[in-house]
Every structure is written in C-alpha cells, then in structure tokens.
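Working notes, beginning with the structure itself.
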Amino acid sequence: MVKMAQEVEVYPFKDIEPKWQRYWEEIGLFRMDPSSPKPKYYCLMMFPYPSSALHVGHGRNYIIGDVVARYKIMKGFNVLAPMGWDAFGLPAENAAIKGGLHPKVSTLQNINTMKRQLRSWGVGYDWDREATSCLPDYYKWTQWLFLQLYKKGLAYKKRAAVNWCPSCQTVLANEQVIAGCCERCDTQVTQKDLEQWFFKITDYAERLLDDLKILKDWPERVKIMQTNWIGRSEGVEIDFPVDGSDLKLTCFTTRVDTIYGATYIVLAPEHPYVEELIKDSEDRENILKFIDEARNESLIERASATVEKKGMFTGRFVINPVNGRRIPLWIANYVLMEYGTGAVMAVPAHDQRDFEFAKKYGLDIVVVIDNPKGHLEASKMQQAYIEEGIMINSHHFDGLPSQVAINKIADFMEEKDIGRRAVHYKLRDWLISRQRYWGAPIPIIYCKNCGTLPVPEEDLPVFLPENVRFKPTGDSPLKDVKEFVNIRCYKCKGPAKREIDTMDTFVDSSWYFLRYLSPKEEKRPFDTGLVNKWLPVDQYIGGIEHAILHLMYSRFIVKVLFDLGCVNFKEPFERLFTQGMIIKDGAKMSKSKGNVVSPDKLIERFGADTVRFYTLFIGPPEKDAEWSDRGVEGAWRFLNRVWRLAEQFVEYKDHRPHLGAEHPDIRHLGARQTTDHRPKDILRLRQKTHLTIKNVTEDMEGEFHFNTALSSIMELVNEIYDYVGSQLPAPSSQLKEAIETVIILLAPFVPHISEELWERLGNKGSIFKLSWPEYDPQALIQEINLVVQINGKVRSKVEVDSDSSDEKIREAVLSDAVVKKWTENKSPKNIIIVPKRLVNVVV
RNA sequence: GCCGGGAUGGCGGAACUGGUAUACGCACGGGACUUAAAAUCCCGGGCCCUUUAAGGGUGCGAGGGUCCGAAUCCCUCUCCCGGCACCA
C-alpha cells in the first residue's frame, strides 16, 4: 500500500467532494423535470438488494450508470435516473433466525448505509422517486399485479414435484437452480411434492422468443441465453395405440423422419398411465420398486447426461401407427415427465441415447436413414447415425432425402390423423410461492364454503405482520400468526384462512421500473400516461447474472400488462448493458473469501474521483476485471497531474508570475527551453484537442468503452504537458481550449474535480449545465506523416499535406532517400496509396 | 456433448470498415530536483542478431491459406472462460 506523506501537496479532494455533492442536491441536478421540453432519457440501474455494505465490484454498476446519466445530461436530455431497493429476500430473514435484527430493521439500516455510500461515490439519483419493495405502499401493488394475473388465469395453484432447497427451506423456480444446486447458497436441490403457486409464463413462450428480435441493442449472448432457455422445438406428436387396451400413448419427436425405425417406446417413471399399464403385470412389484428408485434420484443425478440409463420392460406393447409393428413399452429413468409428453418413441439407429439403451437391453435396431457416404449396417454400428441421409425401410418414403421426408411424413400423419405437428418448449411455468416470511404475502384466501378466493383489490395491501417468530421450519412463519391466518370470508362471512406463502422476490423486481414514474401514487400501481411516455427504458445497466431470471420475468410481466391495456409497449428495456464482475485474487469478491475491497477506505485515502477513474479505466466495462491497488494509485497520480496543469493555467489567466522559484515543477517547466515551433505546435495541440473530443464522444455513444475514452483524455493531457514543457507558453486560446476540453470531457467520469477546476478557471454554474463539446473536423486536417512500405515492410516516412494528390505523393515517396536505397536497380511494379495512411511500393 | 465468448509485452489492456502492432496505465531501468527519501518532471524499453552510429531479422495461442499488405478475412488445431446439459 502507498505511503502518503502528509507534507506532500495533493489536490484537496476532501473539501471538494462533499461540497459538490451538496451542490448537486441543492440544484437538483438529477431531479427529472416532468415539464421539460428536452427529449427523455431513462437511465436505469438494476436496483440492489440492501446488503450490509457495498464493495468496489458493486460500485462499478452505479459508476457506469452515473457516467451515462451525466453524459446524457450534458447532451441535452431530460434524464431520469432513479434508484430503489429490492428489499425483500432471504438473507435478512436468515439473519433474523440467527438471532439478529428483524428483517425490516436490518433492511432499512442497510438502505441507509448504501445511500451514504452511493452519495460518497458522487453517484446521483432522483431520490424523490425512491421505491422500496418491502414497504406496504410498494408491495400493495405487487399483490395487485398477482391479482391481475390471477384474473387472467395466469396465476394458478397446482401440486407438482418442485425444487426444494433444504438450506433455504423453500422452493425454488427452475431458473434459480444452477446445475442442480440452489443459486443462492449452492446447496443441492431436492424434489418435493407440494402445492404451489405458478405464473403461466409458458403462455408467453412464443412472444418472449419472437420479441427478442426487437431488442437490437441487447448483447447477443443474453439473447442467445434466453433463446436456449425458452428452448423451442418443432416436431410432431404421434399417437401409439397400446396393444390390448383403449389407451393411446402420445410421443413428441423432432425427428418424425425416423418413425419407421422406432423399435420401442419409453415412459417417464411419473407418467400418469404407468399404473394402469402395469396393473396386471407379473413384474408389477419390481417395476414399482424401479419407479420409486428413479423418482428418488436427486435432481443432479437425473439431470446429468453421464448417469447410467436404466429401464424396465412393462410387459406391454404398442403399435407403431405407420407400419403396424408391435413394439415393446419400457419405463426409463432418462425420460422426463416435464418435457414433451413424458413418452418417447425410441429410434436406436438414429438417436445416441436410444442406441445405448437398446444395446444395453438387447432391443432391435433398425436403420431407416442411410448414410450417403457409406451404407449403414445395424449390427455393425458403434453409435447412432444422427445426421441427414436417404430414407430406407420406410415404405413409400424410401429414396427420399430425410430432410424432405420429414415434412412428407408429417403431412401423411396429419392426413391419417395419427399425429399432428406441435411445438414444445423447455420453458416451464414460473413457481412464485415461497415458504418464507420476508416477502409480499400472496393475496389469496381459502374459504371452506367458497373455495380459493382472491383478496378484493380494495382490501390491499395484505399487510405482512411484523410480530412473528423466526424459525427454519419449512413452512412460512406466517402459519403461526393467528390474527393473520384466520379471517372471515368476504363472501359468505364464514371462517377462512389466508395463504401463508409469500411471493418470490423476482415478482417484486419485475415491475419496479414502472413505479419510479409515480412512486407516491396511492390509487394505482403506476401512472399509465407517464409510464407510456417514459418507457421503454433507454438504457438498462446491470449484471450478467440476471440474463435469464430478472430480465425474462420483467419482459413477461410487461407483456401481461400490455395485454391488460395497462401499458402500450411490449418490451421494457430498449438497450441493455451487462457489466463484468470485479475480481480480486482470482475470485469474485465475497465476505467469505475475505477478498472484499471496501470503497470507503479508498475514498478516504484518494477520494471518490480516483476510485471512479480507476474503476472505469480498469478495462472494458462488459468484461470481468482484476482489481489492483497499484492501479488505483495510477488514477490518483493522473488526477493530481490534471489538477496541477489546471492550477498552473489559473495562474496564467490571472497574469500572476507562474515561474515562482518555490514551486519546483513550474520552475522546471520554465527552465526547459527548446527551439520555438510555436505555430506548428499550437496547430498540433488544437488537432489533438479535437481528435480527443471525437474519440471520447465515439466511446460514449458506442459500447461504453470508458477505458479508451479515459486513455484518450490522458493522451491529451500528456500532449498539453509536452506543449507547455517545451517552451514558455503565452496564454493562447488553443491552450485554454485544450485545458478546458480536458476538464469538460472528464466531467461525467470524475465529476467533483471537474466542477472544482471549472469553477477555479473562473466559470460560474455547474459544468453539467454545459453542452457536450463538438469537434471541428477542420482542426483534424493538417500535415500528415505517410508510412512508406517497401513490399509490405515499413521502411520510411514522408511528410505531406493531407490533401496531396496521388501524383504528388508518388513523387515525394520516390524521391525519399530510404526508398531510393531499397528500390535501387529495381523499378517499382506497383505503388499502392492508402489515403492518409500509407504508401506501399512493390518491387 | 451442444451453444456463445476469448487468447496481443513482466501485468491490465489499445489497434477505425485489412493499412506504422503493443496507445493509455501499472511494474521496471536511467536521469533531473533533494542532505536523503517521498512526491514531481524528463528519458528508455517486445524478442533476437549486429553495432560507434545506423541497421537487419523476427513477433499478436499453434499451423496453413487469401492479399501489395492480416491481430483483423478463410481453413485446421490447442487451451481458457461463460451458458445449457438425457429436452426426445
């Protein structure tokens, strides 16, 4: 760590930073003005869960967002940059169970800590619009949202095998299970049969997929992840009559071209027909035992492709409807009830899983698609042939290419009514109930007479009782709160019970960006007029970890609201930016790993602007980056360098003596006199100034490559130092412009020091009231160095005017001494001139 | 296994639609200032060979190709990171 001698003169960030933070609040820099005629810009950061303290990794998100907001303010937009709190959730409740504070108390405390931290970073928000999801004025409307889905039939309760986290003592949505483990605590997830509330997101699968095309400014990888998660497959559902029974088994396949090669059918152990089908089997006991074992395999075992495929013959047969072949019916652990129909037609010759299974249990293998590169012999195959080919053993489809047959067979089946085209998705419905306390109560009551009833909207909110006993039981602690649970039915006035589960916090976060437009609204969740004016969000910024969860749920909820006529847009987020993580010692920062870098200490030592600068300079913001304390010092040095430069200029401006003997730096600068190139140097300085404006603006408008934007500004500062250092500069408009440009371009990144220097240079008012500078294309044109290559190798350079004709350039190049040396005795075959870049002489 | 993304000095990373590879910063070496240090300012640097100077060769994970010219385009391969993972 650095030693910081007290006597060293450094810029006074400790005075500057609070001063300007106060000033921005006073002038309401971040207060959105509803009556402004300026174009709107909704800049949204994913609202955080209020944990005890932020580290520099969290800071990256807010700093990036703050840079964007400040830049857009300078570009003349009416910027909306709100902030809120995703304040329900497990950690606060778990802390309470361990004997800590009540979740409400700890959450509100954490919010205060985080607000202080955000402020100390110089990150600005329109705090009048703050929304906190754990407060009744917010969750009232989360409950309202539930009721809307309920009314539309999009919220329903069903008994199902669900993911259960034994550590969190609650169910999880499919999206919250990562490789068979809980996304929060990494505990292995088990299966439980429970009655749970779901949102019918599967009804929106097609639209969630299709509308990804609208999202042009989303990272491709996020769209791909969502596409894969939705998992659309086109195929055919085929009915297989069970021999000696009225039952029909329907199988879904994407490879109907292989139907003639189906040699057996496999059912999932959970398939509803299993019981009926095996009731007369001699082997019934063993089959039931097998099913039981398969169902008890953990998710991780079931999900893993490497687990051994196991199955049992049911003793029954089904009829392949295309050829009348009687084929055996099996039950196997590798068939999933949740996907397709829970019954699969097996074609061992053309599916690797079926192939392995058939080999293991001695089932028939029939080739129906031949490899054009060499005839397939079922008995000799080492693995399934899954590619396209020529149809064989398939009656009148023989000889067709399989990719043609696939459609013809589907037509044929629809004609004969033995099958039909169908689309299936991997996406499952969203399980939203949680057996936990710290969430929005699900607004449902159960009446013995009237059944399941939604709480009337006028009775919202269903208040979350505060006086509860926290214990990890697997049931919501609300179960024991009698005055909460036991109520009268509003219909029959008889005794009724409230739903005791609360909602997944992802429901809270699926609509918060609408609440910001009218956070104090009491009569409705949001002001439709304002929301329609301000949405979609122009720029959304957050972590890649939400690529599927939050971002898909929000898209779903907005589409539901669109269908309800509550909003007039189909997608909530126009442009998405996902920033990378900050890594320390090779790992994500976390308390348990002990590698957390606290921003508070760094701000204390170097100031917020240094932390901001380094965080932005560390690398491209969408990529992960390794934190380096040394790098912070580099940022600190640079800001001091800017400070000294500007301070020096303040002295010029005032015509005060600037070569004071006491000040070694300036004495030194004055002492170095070289030949006077001033007119040329001044042009070069102006060129660099305008080139920097161009580069920085392009980085701001493009992919947010703030690291290169800052590099450009540093180059300009170096150029100014060179200019100032090589002569005794008289105050000039070009030098003034260069220094002012540095300060203005730096403003979105390091706002405190920029405001202060701007003021010290004699300007009034906030630097953010200026408009962003535009570059002068004329300033970029001047004499240029053309690189001269001989046969593609750099050998020399010539200086020419930027508007020289090719003829002139050719002349200049051929008369160059180095070129002459290399082309001696040879005449140039070809001379390639790349305008403003290089000349290649081919000999 | 499938689908993405990536590999550039000692390190983080630049390089516009193919056109001076290594900008900017960190670390390092040298110098100035200083009693000294810190801070600051200036200079230096891919690697190899040669050298008084200058110069030459080579170099963007590996190998090949297209082109006057390739980090960038094409083919083959290696490794790393992320997502999905028995989806029929």
- Quickly run through region A:785-807 and pick out the residues that are open to solvent by 30 Å² or more (accessible area, probe 1.4 Å), more than 8 Å from RNA strand B (Cβ to nearest atom) and over 23 Å from A:Arg684 (Cα atoms). A:Asp806, A:Glu807
- Query: Does region A:187-199 contain at least one residue that is away from RNA strand B (no atom under 16 Å from the Cβ), modelled with pLDDT of 80 or more, aromatic (Phe, Trp, Tyr) and open to solvent by 30 Å² or more (accessible area, probe 1.4 Å)?
  - Reply: no
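If we scan region A:362-380, do we find a residue that is open to solvent by less than 20 Å² (accessible area, probe 1.4 Å) and in a helix (DSSP H, G or I)?
Within region A:362-380, the first condition is being open to solvent by less than 20 Å² (accessible area, probe 1.4 Å), and the residues that meet it are A:367-369.
Filter once more, so that each one left must be in a helix (DSSP H, G or I): none.
The answer is no; no qualifying residue exists.
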- Query: Taking A:Gly565 and the conditions (1) touching a residue at least 12 places away in the same chain (Cβ under 8 Å); (2) over 30 Å from A:Arg469 (Cα atoms); (3) open to solvent by 10 Å² or more (accessible area, probe 1.4 Å), which numbered condition does it fall short on, given that it satisfies the others?
  - Reply: (1)
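Being open to solvent by less than 40 Å² (accessible area, probe 1.4 Å) and in contact with a Phe, Trp or Tyr (Cβ under 8 Å, 6 or more places away or on another chain) is true for just one of A:Ala410, A:Ala440. Which residue is that? Talk me through it step by step, then tell me what you get.
Values: A:Ala410 fails: in contact with a Phe, Trp or Tyr (Cβ under 8 Å, 6 or more places away or on another chain).
Just one listed residue meets the conditions, A:Ala440.
Would you check which residues across region A:117-136 are part of a helix (DSSP H, G or I) and either touching a strand residue (DSSP E or B) at 6+ places or on another chain (Cβ under 9 Å) or not charged (D, E, K, R) (or both) and list them? Show your work before the answer.
Looking only at region A:117-136, we keep the residues that are part of a helix (DSSP H, G or I), and these are A:117-120, A:127-129, A:136.
Those that are part of a helix (DSSP H, G or I) and either touching a strand residue (DSSP E or B) at 6+ places or on another chain (Cβ under 9 Å) or not charged (D, E, K, R) (or both): A:Gln117, A:Leu118, A:Ser120, A:Trp127, A:Arg129, A:Pro136.
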- Considering (1) under 22 Å from A:Ser106 (Cβ atoms); (2) part of a loop (DSSP other than H, G, I, E, B); (3) not aromatic (Phe, Trp, Tyr), say which one A:Leu478 fails and leave the rest. (2)
- Every pair of residues 6+ apart whose Cβ atoms lie under 6 Å, when the first sits in region A:307-324 and is closer than 19 Å to A:Asp283 by Cβ and open to solvent by 50 Å² or more (accessible area, probe 1.4 Å) while the second is within 14 Å of RNA strand B (Cβ to nearest atom) and in a loop (DSSP other than H, G, I, E, B): A:Lys310/A:Asn333
- Task: Kindly check whether there is at least one residue in region A:168-183 that is touching a Cys at 6+ places or on another chain (Cβ under 9 Å), β-branched (Val, Ile, Thr) and at pLDDT below 95.
- Result: yes
- Message: So A:Thr578 passes all but one of these: (1) part of a loop (DSSP other than H, G, I, E, B); (2) of a type in the set (S, T, N, Q); (3) modelled with pLDDT of 85 or more. Which condition number does it fail?
- Response: (1)
- Name every residue in region A:635-650 that is at pLDDT 90 or above and more than 8 Å from RNA strand B (Cβ to nearest atom), in order of residue number. A:Leu639, A:Val642, A:Trp643
- Kindly list, by first and then second residue, each pair from a residue in region A:785-803 that is farther than 15 Å from A:Val841 by Cβ to a residue that is within 6 Å of RNA strand B (Cβ to nearest atom), limited to pairs with Cβ atoms under 6 Å and residues at least 6 apart or on different chains. A:Glu799/A:Asn785
- Among helices (runs of 4 or more DSSP H) entirely within region A:1-116, at least 2 residues that are modelled with pLDDT of 95 or more occur in A:13-27, A:56-74
- Residue match in region A:316-324 (condition: in contact with an Asp or Glu (Cβ under 6 Å, 6 or more places away or on another chain) and at pLDDT below 90): no
- How about region A:242-277: which of its residues are open to solvent by 40 Å² or more (accessible area, probe 1.4 Å) and within 18 Å of A:Gln403 (Cα to Cα)? A:Thr254, A:Arg255
- Task: Considering only region A:327-345, state which residues are near RNA strand B (Cβ under 8 Å from one of its atoms) and open to solvent by 20 Å² or more (accessible area, probe 1.4 Å).
- Result: A:Tyr334, A:Leu336, A:Met337, A:Glu338, A:Tyr339, A:Gly340, A:Thr341, A:Val344
- Message: For region A:470-501, give me each residue that is crowded, with 18+ Cβ neighbours inside 10 Å and closer than 22 Å to A:Ser167 by Cβ.
- Response: A:Phe470, A:Ser476, A:Pro477, A:Leu478, A:Ile500, A:Asp501
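Which of the residues that make up region A:808-825 are basic (Lys, Arg) and more than 15 Å from RNA strand B (Cβ to nearest atom)? Working first, answer last.
Step one: of region A:808-825, the residues basic (Lys, Arg) are A:808, A:810, A:820-821.
Passing the criteria: only A:Lys808.
Kindly indicate whether A:Ile784 is at pLDDT below 80, in a strand (DSSP E or B) and among the β-branched types (Val, Ile, Thr). Steps first, answer last, please.
Working: at pLDDT below 80: yes; in a strand (DSSP E or B): yes; among the β-branched types (Val, Ile, Thr): yes.
Here the answer is yes, as A:Ile784 does meet what is asked.
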- Query: Of all residues in region A:208-231, which are more than 9 Å from RNA strand B (Cβ to nearest atom) and more than 30 Å from A:Glu701 (Cα to Cα)?
  - Reply: A:Ile230
- Task: Can you confirm whether region A:280-302 contains a residue that is within 14 Å of RNA strand B (Cβ to nearest atom) and surrounded by 22 or more Cβ atoms within 10 Å (Cβ to Cβ)?
- Result: no
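For region A:166-176, state whether one or more residues are without any contact (Cβ under 8 Å) to a residue 12 or more places away in the chain and of a type outside the set (S, T, N, Q). Lay out the reasoning, then the answer.
At the first step, the residues of region A:166-176 found to be without any contact (Cβ under 8 Å) to a residue 12 or more places away in the chain are none.
No, region A:166-176 contains no residue that is without any contact (Cβ under 8 Å) to a residue 12 or more places away in the chain and of a type outside the set (S, T, N, Q).
The values are calculated or read from the model by the stated rules, or taken from the named source; none is laboratory data. Fair warning: this is a prediction, and the values are worked out from it, not measured in the lab. With ideal geometry, Cβ positions are generated from the backbone for all residues, glycine too; neighbour counts draw on all protein chains shown. Surface accessibility is based on the protein's heavy atoms, side chains included, excluding ligands, DNA and RNA. Shrake-Rupley method; radii C 1.70, N 1.55, O 1.52, S 1.80 Å.
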